[in-house]
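This report refers to the structure that appears directly beneath it.
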């Protein structure tokens, strides 16, 4: 399931990707345009900045903007930064594997196999979806 943080992050990044070249948007502008609580948005933008998906500038005309071209930022990248691995179960994760408490013999586990297939399909889809293709929130 998509977390609220990831959903808000996707909305914020779509907004930033739609900004004119070189323009920055304040947290207040992004919050209002995307219907994201400002305090929560501050945390999200901080994580996106740390992951080098967003950048910020202080002072007059400052704020946030996308750190890279929209055609180089995938939906999957944003979700991973804000919510972690794209997997429905920890035992199906490639990057953050964890054993299930009820599964003594993982390799033949049919549920794990299904969830790994689901993870692979979902990851492939979300890595193909770039911000440049989906600019649904109009920036000023």
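The values are calculated or read from the model by the stated rules, or taken from the named source; none is laboratory data. Please read all numbers here as calculations on a predicted model, not as lab measurements. Here the Cβ positions follow ideal geometry from the backbone for every residue, glycine too, while neighbour counts run over all protein chains shown.
Tabulated results
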| quantity | calculated |
| --- | --- |
| Selection from region 12-28 of residues that are part of a helix (DSSP H, G or I) and surrounded by fewer than 20 Cβ atoms within 10 Å (Cβ to Cβ) | 27, 28 |
| Among (1) surrounded by 14 or more Cβ atoms within 10 Å (Cβ to Cβ); (2) in a helix (DSSP H, G or I); (3) touching a helix residue (DSSP H, G or I) at 6+ places or on another chain (Cβ under 7 Å) - the single one residue 71 does not satisfy | (1) |
| Hey, residue 135 modelled with pLDDT of 90 or more and either assigned to a loop (DSSP other than H, G, I, E, B) or in contact with a helix residue (DSSP H, G or I) (Cβ under 7 Å, 6 or more places away or on another chain) (or both) or not | no |
| Meets criteria (under 16 Å from residue 17 (Cα atoms), assigned to a helix (DSSP H, G or I) and at pLDDT 95 or above) for residue 82 | no |
| Filter result (outside any helix (DSSP H, G or I) and either modelled with pLDDT under 95 or exposed (fewer than 12 other Cβ atoms within 10 Å of the Cβ) (or both)) within region 39-67 | 52, 57, 58, 59, 60, 61, 62 |
